[in-house]
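Asks: Let me give you the structure first, and then I'll get to my questions.
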Amino acid sequence: MGEHVDYDRWYPEVPAVMDTAPLAELLHTNVQIIRGWVREGILPAHRMSGGRKLTFLRHEIFEWLISNRYRPGSDQPAD
């Protein structure tokens, strides 16, 4: 996305950095689904070297949501 979004202004309730549980709550799913999406390379995530904990950046998640949104009448997500 080329444009800058002031996430702190428009989405103050969404933390800039999240772990798996808050992201699952935000996306109305569960942590197992989130982990599966990460494993399959569907969802952008970060992991510290040698660590197990997943970290998600708000701006990456929102960009992912926008680029994969469902468009009624189409079988494919938005480009």
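Values quoted throughout were computed directly from the atomic coordinates according to the rules given, and no laboratory measurement underlies them. Since the structure is predicted, the reported quantities are computational estimates derived from the model, not experimental observations. Heads up, the Cβs are rebuilt from the backbone with ideal geometry, glycines too, and the neighbour counts pull from every protein chain shown.
Asks: Extent of region 15-67 along each principal axis, from alpha carbon coordinates, in Å, largest to smallest?
Replies: The principal-axis extents, from largest down, are 30, 20, 20 Å.
Asks: Scan the chain and report its longest stretch carrying no GluC sites (Glu not before Pro) that are both in a DSSP loop and have at most 11 other Cβ atoms within 10 Å. Intermediate results must be reported in sequence, preceding the final value.
Replies: Values: sites that count: 3, 13, 40.
The reported range is 41-79.
Asks: Oh, and also: Roughly how big is the chain's charge dipole about its Cα centre, with Cβ charges of +1 (Lys, Arg) and -1 (Asp, Glu), in debye to the nearest 20?
Replies: 380
Asks: What's the longest uninterrupted piece of the chain once you rule out the trypsin sites (Lys or Arg not before Pro) that are loop residues per DSSP with at most 13 other Cβ within 10 Å?
Replies: So the longest stretch without any such site is 1-51.
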